[in-house]
1. Along the Cα→Cβ direction, 7 angstrom out, place labels at Gln52 and Ile26. What is the inter-label distance in nm?
2. Any idea how far apart Ile89 and Val62 come out in nm if each label point goes 7 Å out from Cα toward Cβ?
3. How do the peptides 84-91, 35-42 rank, highest first, by the average count of neighbouring beta carbon atoms within 10 Å per residue?
4. Can you sort Thr125, Thr150 from fewest to most other Cβ atoms within 10 Å of each residue's own Cβ?
5. Along the Cα-to-Cβ line of Ile6, 7 Å from the Cα, sits a label point; which residues in region 28-72 have backbone N less than 19 Å from it?
6. Ranking Thr105, Thr140 by Cβ neighbours within 10 Å, fewest first, what do you get?
7. Kindly put Leu102, Leu51, Leu7, Leu96 in sequence by how many other C-beta atoms sit within 10 Å of each C-beta, fewest to most.
8. Students often check this: by mean Cβ neighbours within 10 Å, which of 113-122, 17-26, 129-138 ranks highest, and how do the rest follow?
Amino acid sequence: MGKDIILIGAIIGILADILKLSVNYISYLLNYTNVVFWQITASRFLERDDLQQPISYIIGGVADLTVSATLGVLFVGLISLTGTKHIWIKGIGFGLFIWVNLFGTLLGQSVQAKLPQEPLGIMVTIIAHFAFGLGLAFFTQRLHKIEEETIRSKETNNHFAPIPARKLLHTEEKEPVMEINNTRSDRKPFKFRNLFKIFGLIKGNR
């Protein structure tokens with residue numbers, strides 16, 4: 001994954017949380033549940049009578065987004081170690097694992113004591129965390145594809161980059177040597193007796 005896994009994971013966790021909150025709020029509008037998630041998370045910090053106050057949504061929102069960002073970092077770190085194979089199953093499993101731990105152990109008793117819910121409302125929390133896991137898988141996979149395309153693009157650019165010229169083996173061309181023939185074809189070979197004749201001729205002329 002990217003170099004700054006904390007920032008990337010936090011953003012992915014918040015994006016997945018938006019999907020989770022959307023499922024919860026739509027279910028709230030359809031009367032499938034009587035509470036929203038930010039009330040549920042605020043129940044860890046506030047008393048029952050304060051959960052209907054506007055301040056509870058702010059406190060619950062800060063807590064919910066912080067937890068979701070942290071979970072996003074954990075999920076991205078998990079995928080960076082195990083790979084993107086079966087990422088959808090990993091995302092759903094991660095989301096349901098968080099639901100079991102948060103609502104089954106950490107928030108279970110306090111939520112039921114302060115914000116009693118019907119079984120249908122609890123099913124909404126399961127579906128919402130199912131969607132949260134899908135969101136984690138979707139945004140993490142998109143990030144992985146973007147990184148692959150970036151790497152592929154860089155490799156393509158490097159492929160078409162000018163290659164350093166190879167050293168050429170220069171062979172010295174031999175210049176043609178012109179042989180000068182000092183002898184002419186029409187010149188007769190020199191004989192020493194001709195020399196004597198010349199001197200005799202000169203002597204006779206005197």
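Values quoted throughout were computed directly from the atomic coordinates according to the rules given, and no laboratory measurement underlies them. Remember, predicted model here, so these are calculated numbers, not experimental data. Glycine also receives a Cβ, built like all others from the backbone with ideal geometry; neighbour counts cover every protein chain displayed.
1. Distance between the two pseudo-spin positions: 2.9 nm.
2. My value for the distance between the label points is 4.1 nm.
3. 35-42, 84-91
4. Thr150, Thr125
5. The answer is 63, 65-72.
6. Going from sparsest to densest Cβ surroundings: Thr105, Thr140.
7. Fewest-to-most Cβ neighbours within 10 Å comes out as Leu7, Leu96, Leu102, Leu51.
8. Order by mean packing, descending: 129-138, 17-26, 113-122.
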